[in-house]
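See structure below.
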Amino acid sequence: MSLLIVDHVTKTYTSSHWFRAKRKEEEAALSGVSFVVEPGMCMGILGESGAGKSTLGRIVLGLLPPDSGRISFNGVDLYRATRRERKRLRRDLQVVFQDSYSAVNPRMSVLQIIGEPLRNFERLSAQEERRVVAGLLETVGLVTDDMHKHPQQMSGGQLQRVNIARAIALKPKLIVLDEPVSSLDMIVQKQILYHLKELKEKYGLSYLFISHDLLAVNVLSDRVAIMDKGKLELMLKES
Ligand SMILES: Nc1ncnc2c1ncn2[C@@H]1O[C@H](COP(=O)(O)OP(=O)(O)OP(=O)(O)O)[C@@H](O)[C@H]1O
């Protein structure tokens, strides 16, 4: 069974601004987008600014209802899920955004940031939580002592690793990576991409990797699709 099925999804933003409202037709951010992601696979979505990539990411995360079409995740219709199914979806579906700093609460320590999903979903003692967080830090290439730091004491690359540790804490099935390395310098980009690749192989993770960078997409993705003006076209990937 496919893990994620995106089936003829459309989305048009309706603007409240008077002169935009006067325009005869609003441009569709997504028009009839369909694709599937199999378990353990990385699907790369490549496109220029404004192509509709982030809109697609938000819809797949359950944050923005589409106008039409269907998104099925692990057999559950994302926008018709029951309360119980939604709780499960919040575990299985995680995200890493481009801006590592705005994705975290600056007043929280790294231990609190990575421990947050564990506290929400698992009943661990304080000691167990520290042990799990220490393991996650090691998994993403940081050290145990980093758990006492705050975001402003870390580089963008280190903090993005913290965001990745938080995203994998609950062993999700799919992570939406929305331009996860775009704000980092080339060397750090490369390190994080290879790390994500390792994690994918180690834990059988699936990714939806949204980016405007062909090289980055190529490192991680098993399948690549190009998004242009809200339309998606599958591209054959050379190995
Ligand atoms: N909240 C919104 N209200 C109105 N229009 C929006 C909104 N968000 C996005 N759009 C429009 O929808 C289209 C797709 O935007 P989207 O952010 O999905 O593209 P993108 O490919 O992610 O671009 P970028 O790489 O610059 O983030 C664009 O024309 C954009 O202006």
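Structure notes:
- The stretch 3-14 - residue that is among the polar types (S, T, N, Q) and near the ligand (Cβ under 9 Å from one of its atoms) and, of those, modelled with the highest pLDDT: Thr12
- Members of the stretch 106-119 that are touching a residue at least 24 places away in the same chain (Cβ under 8 Å) and loosely packed, with under 15 Cβ neighbours inside 10 Å: Pro106, Arg107, Met108
- A single member of Gly52, Gly62 is crowded, with 22+ Cβ neighbours inside 10 Å and touching a strand residue (DSSP E or B) at 6+ places or on another chain (Cβ under 9 Å), and it is Gly52.
- Candidate set: the stretch 168-213, residues that are of a type in the set (Phe, Trp, Tyr) and surrounded by fewer than 20 Cβ atoms within 10 Å (Cβ to Cβ); chosen: the one farthest from the ligand (Cβ to nearest atom): Tyr203
- Some residue of the stretch 71-93 being within 12 Å of the ligand (Cβ to nearest atom) and not in a strand (DSSP E or B): no
- A search for C-beta distances below 9 Å between a residue of the stretch 218-230 that is closer than 21 Å to Pro39 by Cβ and any residue that is of a type in the set (Gly, Ala, Ser) and assigned to a loop (DSSP other than H, G, I, E, B), counting only pairs 6+ apart in sequence or on different chains, returns Asp222/Gly40.
- Residue in the stretch 150-163 that is within 18 Å of Gly47 (Cα to Cα) and not aliphatic (A, V, I, L, M) present: no
- Residues that are in a loop (DSSP other than H, G, I, E, B) and either in contact with a His (Cβ under 8 Å, 6 or more places away or on another chain) or surrounded by 15 or more Cβ atoms within 10 Å (Cβ to Cβ) (or both) within the stretch 94-105 comprise Phe97, Gln98, Asp99, Ser100, Ala103, Val104, listed in sequence order.
- Taken together, the residues in the stretch 107-122 that are under 12 Å from Leu170 (Cα atoms) and outside any loop (DSSP other than H, G, I, E, B) amount to 8.
- Residues of the stretch 86-98 satisfying the condition of being within 25 Å of Ser211 (Cα to Cα) and either polar (S, T, N, Q) or more than 12 Å from the chain's Cα centre (by Cα) (or both): Leu89, Arg90, Arg91, Gln94, Gln98
- Residues within the stretch 123-145 that are assigned to a loop (DSSP other than H, G, I, E, B) and touching a residue at least 12 places away in the same chain (Cβ under 8 Å), tallied: 3
- Looking only at residues in the stretch 47-70 that are of a type in the set (A, V, I, L, M, F, W, C) and more than 10 Å from the ligand (Cβ to nearest atom), the one that is farthest from Leu177 (Cα to Cα) is Leu63.
- Odd one out for Asn218 among (1) at pLDDT 95 or above; (2) surrounded by fewer than 22 Cβ atoms within 10 Å (Cβ to Cβ); (3) not hydrophobic (A, V, I, L, M, F, W, C): (1)
- Residue match in the stretch 15-26 (condition: under 23 Å from Leu220 (Cβ atoms), near the ligand (Cβ under 9 Å from one of its atoms), assigned to a loop (DSSP other than H, G, I, E, B) and modelled with pLDDT under 95): no
The values are calculated or read from the model by the stated rules, or taken from the named source; none is laboratory data. Only a predicted model underlies this, so the values are computations on that prediction, with no experimental measurement involved. Positions of Cβ are generated from backbone atoms using ideal geometry, with glycine treated the same way; all protein chains shown enter the neighbour counts.
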